[in-house]
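Only the coordinates and a few stated rules stand behind these numbers; no lab work does. Remember, it's a predicted structure, so these values are computed and weren't measured experimentally. We place every Cβ from the backbone using ideal geometry, glycine too, and count neighbours over all the protein chains shown.
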Amino acid sequence: MTLDPHSPGVRAATDWDYAPAPESAAIGRVRDRYQMFVGGSFVDGGGDDLETLNPATAQPLSTVSTASVADVDVAVGHARKAFEGSWSRLSGAERGKYLFRIARSIAERARELAVVETLDNGKPIKESRDVDIPTAAAHFFYHAGWADKLQHAGFGPSPQPLGVVGQVIPWNFPLLMAAWKIAPALAAGNTVVIKPAETTPLSILVLAEILADADLPPGVVNILPGAGDIGKALVQHPGIDKVAFTGSTQVGKQIQRALAGTGRRLTLELGGKAANIVFDDAPIDQAVEGIVNGIFFNQGHVCCAGSRLLVQESVADEVVAKLQERISTLRLGDPMDKNTDIGAINSAEQLSRVTALAATGEDEGAVRWTSPCPVPDRGFFFPPTVFTNVSQSMRIAREEIFGPVLSVLTFRTPDEAVAKANNTPYGLSAGVWTEKGSRILGVASALRAGVVWANTFNRFDPTAAFGGYKESGFGREGGRSGLAAYLNTDDEGI
Ligand code: NDP
């Protein structure tokens with residue numbers, strides 16, 4: 001900070017510069033090579049080894065053994081044996097003990113897991129440390145508590161597990177998505193075969209060590225690193241009783257088509273294009289923070305990101321000006337630095353997708369504003385970007401960009417806001433900013449979105465059901481409804 005020489009004692013324009021505050025990569029104890037986790041053992045798979053990169057440097061981080069299609073069969077066999085042999089017969093209290101043990105170990109190894117996640121994914125260490133890892137532990141704690149209470153959850157006197165569950169997860173929240181899927185499945189008495197995303201296999205393989213240390217019976221959880229073909233073989237395997245998928249709408253549709261008529265249960269958590277609606281009576285400064293969190297959290301790699309800002313016309317200029325001012329202060333760069341707000345894009349492919357889709361915004365006539373922040377000259381980075389003058393027909397208003405890009409549209413009346421918010425094939429989440437409680441309730445009930453946040457955004461809790469409408473998928477994860485998705489019960493609990 002500098003003092004204005006012309007007005008002694010008065011602070012002039014600030015010149016903040018943060019000293020580097022890097023977390024130590026050594027805490028992650030990243031190994032040179034990792035193996036699959038199948039039947040309770042760490043084993044090599046029949047697939048080619050894959051090299052996982054640090055997206056902040058584009059340099060290799062580690063090597064991972066991957067599964068072949070034959071390994072899928074072996075893993076499903078182990079999961080079936082574990083289901084029929086012991087796991088489904090254990091009392092809920094015993095299953096709960098394992099889940100509590102896993103939750104405690106995640107908490108104990110939280111710092112290591114946060115570093116591994118940031119190195120492999122590119123997200124800022126402050127997010128992996130404060131959001132991803134604690135929320136992953138919270139999912140195990142929460143579901144551990146349910147394991148011995150299922151008969152009191154309103155699913156009938158004796159709800160039964162489904163059997164072997166096949167799970168496929170994306171790269172945006174690698175450990176959190178693993179916890180989100182594995183914890184309810186185990187609490188309900190199922191066994192699991194899970195495939196992480198190709199670009200982020202490491203944190204779930206550290207979780208495998210935690211599962212092994214917890215003495216989880218062999219085969220209860222099997223982890224198969226690999227590419228999309230392994231995901232496909234897994235979800236289509238005849239030995240699977242239920243599929244749970246999180247990822248793109250395009251792949252979700254393929255899975256739904258493949259499973260149609262098989263009688264196997266399916267939950268899909270797919271893409272989104274959430275509207276974040278700001279009314280003129282909203283606390284503007286608070287809303288600006290919520291808009292920033294809504295779209296720039298995790299570089300916008302969030303299915304429920306508030307990527308469409310709908311702002312009431314009378315306050316649009318004020319909101320956009322304050323937004324640009326605030327975004328200009330966000331620090332983009334080394335994800336391992338504790339002061340970094342925006343980290344790296346997860347892969348070169350995702351960076352080129354974001355770049356190409358953002359370019360269509362200008363081509364179609366929107367006005368582009370980019371944060372003046374410096375961009376590192378290596379690694380995969382994309383500066384925070386805001387488009388104004390956006391119309392509903394533009395691709396940047398319709399398609400999931402999955403990056404730090406915000407499209408701003410305006411409205412005059414609440415009805416217009418709702419109509420525009422719902423004018424999307426997606427329906428995962430939305431936000432409403434207003435001082436009036438009655439308006440929150442009215443607008444929220446008119447929005448076709450699975451989750452609606454009021455005067456906040458991107459809040460996640462294992463007790464709250466999360467899921468979508470329309471092309472955002474179906475089924476719920478978290479809360480009582482999330483448990484129902486892993487149980488044989490007529491009541492889906494939604
Ligand atoms: P995908 O849907 O392709 O990937 C999600 C997971 O599914 C990964 O583990 C992937 O494996 C696996 N997979 C790929 N193909 C198949 C298949 N045919 N059957 C079963 N599993 C499969 O998403 P991408 O990573 O390619 O991202 C593309 C776009 O999808 C993003 O730009 C974003 O818009 C959207 N997306 C949305 C997410 C969300 O949470 N809503 C999450 C991720 C992406 P592998 O990693 O090896 O390809």
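Results, tabulated for the structure shown:
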{"read-out": "Arg31 touching a residue at least 12 places away in the same chain (Cβ under 8 Å), in a loop (DSSP other than H, G, I, E, B) and of a type in the set (Lys, Arg)", "value": "yes"}
{"read-out": "Cβ-Cβ under 7 Å pairs, at least 6 apart or on other chains, the stretch 416-433 side under 21 Å from Thr267 (Cα atoms), far side in a helix (DSSP H, G or I) and acidic (Asp, Glu)", "value": "Pro425/Glu471; Tyr426/Glu471"}
{"read-out": "Strands (runs of 3 or more DSSP E) (entirely within the stretch 365-473) containing at least 2 residues that are crowded, with 22+ Cβ neighbours inside 10 Å and more than 14 Å from the ligand (Cβ to nearest atom)", "value": "385-388, 405-411, 429-433"}
{"read-out": "Selection count, the stretch 237-253, where residues are within 8 Å of the ligand (Cβ to nearest atom) and either within 18 Å of Ile182 (Cα to Cα) or buried (at least 16 other Cβ atoms within 10 Å of the Cβ) (or both)", "value": "6"}
{"read-out": "Matching residues in the stretch 285-295 - criterion: being buried (at least 23 other Cβ atoms within 10 Å of the Cβ) and either free of Cβ contacts under 8 Å to residues at least 12 places away in the same chain or within 18 Å of Asp132 (Cα to Cα) (or both)", "value": "Gly294, Ile295"}
{"read-out": "Count of the stretch 346-364 residues which are assigned to a loop (DSSP other than H, G, I, E, B) and under 24 Å from Asp120 (Cβ atoms)", "value": "2"}
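A quick yes/no check of all residues on (1) part of a loop (DSSP other than H, G, I, E, B); (2) touching a residue at least 24 places away in the same chain (Cβ under 8 Å); (3) within 21 Å of Thr463 (Cα to Cα); (4) among the basic types (Lys, Arg):
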{"position": "Asp148", "(1), (2), (3), (4)": "yes, yes, yes, no"}
{"position": "Phe155", "(1), (2), (3), (4)": "yes, yes, yes, no"}
{"position": "Trp180", "(1), (2), (3), (4)": "no, yes, yes, no"}
{"position": "Gly189", "(1), (2), (3), (4)": "yes, yes, yes, no"}
{"position": "Thr200", "(1), (2), (3), (4)": "yes, yes, no, no"}
{"position": "Asp229", "(1), (2), (3), (4)": "no, yes, no, no"}
